[in-house]
Amino acid sequence: MNDEPTLSLVAGELRSDFWPGSGMLVVSFRRGKDELLRRVDDLETARAKGSTAGIPLLYPWANRLASLHYHAAGRDVDLDPASSLLHFDSHGLSMHGVPWGQLSWQIAQAKQDSLLARLDWERPNLLAVFPYPHRLEIAANLTPESLTLQTTLFADAGSPVPICFGFHPYFGIPSTSRCEWRLRLPAMQRLSLDSRGIPTGEQEPFGPFDSLLGQTGFDDGFALLDGPSSFSLSAAAYTITVTFIEGYSYAQVFAPKGMEFVALEPMTAPTSALTSGRGLRILEPGAQFRTSFRIAVIAGG
C-alpha cells in the first residue's frame, strides 16, 4: 500500500478496503488476516502501467475494442492512440476503457459497513474517449458473509449512454495452491473468439463446469442464461461465490495456466460491443440502469 486515502468497511470478520481517488478500486477483501484478492501486492506499479488489480471497475468499456473507431448511440468516435486515458494490449487494442488510477470518485455517504460513491462523466478529456455525459454511482454493502457492489448509471445529462462496463475481480484461496482449487461455473453459452480475443458472433453451449482447476486454463467470454448466475472457487480453507444478481448478461473467466489467481468477471456486454453492436444496450436520456453482484465467503471448502 501507499499514501492513497483508503476507505474501509468492516462487518464481523470481513473487511473491504477501497481507493476512492483511484477508480474506487477494491484493494483488499479479507476474512480475518486472510487476503482473498490477488494482484494487490504492487498496486503502484499496476496503476502506473494501467494494469488491473484487486477488484477494478472497467469503465466505460470492459476488455478490448477491436478498433480505435466506434459508432454507438448516434455518435462516431475516433480514439486518439496517444491519449493518456487509454491502455493498450499486445495487439495494440484499447483495453478496459480509462485506467482505474485516472478516475477519481467522490464519497457521498460512508458508514462502518456501507458506502455510496459518485463519478460525474463530464470532463472534456473523459468525453473525448466516451462522449456521453452521465453520472455513475457505486453502492457497497458489507455483511459478515458477503460484499455486494451495486452500480447505477444515470443518463441524467440529456444524452443516451451505451452500457458496456464490467468488473474484474481477482481471487485466490489462501494457503493453498492453484492445483487444489475447485472451480464451479454455471451452464452458459461460450462466445467464439478470434486470435485477438474479439467475439466472432458465434457461440456454443458450455457447462456446467465443476472440477479441480489443476492445469486447466481459461480466457473465455460467455453469454449467461436467464436468471442470476453463480460462480465459485473453493478449497479446504474457503469457498468464494460470485453471484451476478442483476444487470449482467455476460461473463469473462480468466484463469491462465501457471498463475495463482482466477478472475470471475461480471459484464454488461460482450467484449468490443461498442464496435460490433452485439449485445450492446443503450440507456435512453432520463433513464437509469442498475447492476449488482455479490461475493460471498464461507470458511471451509
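The values are calculated or read from the model by the stated rules, or taken from the named source; none is laboratory data. The model shown is predicted, which means the values in this text are computed figures rather than measured ones. Heads up, the Cβs are rebuilt from the backbone with ideal geometry, glycines too, and the neighbour counts pull from every protein chain shown.
Observations
- Meets criteria (more than 17 Å from Phe165 (Cβ to Cβ), surrounded by fewer than 21 Cβ atoms within 10 Å (Cβ to Cβ), among the aromatic types (Phe, Trp, Tyr) and under 19 Å from the mean Cα position of the chain (by Cα)) for Phe206: no
- Residue ID - surrounded by the fewest Cβ atoms within 10 Å (Cβ to Cβ), chosen from residues in the range 223-246 that are touching a Phe, Trp or Tyr at 6+ places or on another chain (Cβ under 7 Å) and assigned to a loop (DSSP other than H, G, I, E, B): Pro228
- The range 89-109, subset more than 12 Å from Leu68 (Cα to Cα) and polar (S, T, N, Q), residue surrounded by the most Cβ atoms within 10 Å (Cβ to Cβ): Gln102
- For the range 103-121, the count of residues that are within 28 Å of Pro285 (Cβ to Cβ), among the charged types (D, E, K, R) and modelled with pLDDT of 95 or more is at least one.
- Any pair with Cβ under 9 angstrom, 6 or more apart, that starts in the range 174-203 at a residue that is over 17 Å from Pro270 (Cβ atoms) and ends at one that is among the basic types (Lys, Arg) and not in a strand (DSSP E or B): Pro174/Lys33; Arg178/Lys257
- When restricted to residues that are assigned to a loop (DSSP other than H, G, I, E, B) and within 28 Å of Ile163 (Cβ to Cβ), the range 41-61 contains 7.
- Residue that is nearest to Phe18 (Cα to Cα), among those in the range 89-113 that are outside any strand (DSSP E or B) and aliphatic (A, V, I, L, M): Leu103
- Options Leu86, Leu116; residue that is in contact with a strand residue (DSSP E or B) (Cβ under 7 Å, 6 or more places away or on another chain), assigned to a loop (DSSP other than H, G, I, E, B), among the aliphatic types (A, V, I, L, M) and surrounded by 13 or more Cβ atoms within 10 Å (Cβ to Cβ): Leu86
- Of residues in the range 129-168 being of a type in the set (A, V, I, L, M) and either assigned to a loop (DSSP other than H, G, I, E, B) or modelled with pLDDT under 95 (or both), the one surrounded by the fewest Cβ atoms within 10 Å (Cβ to Cβ): Ala157
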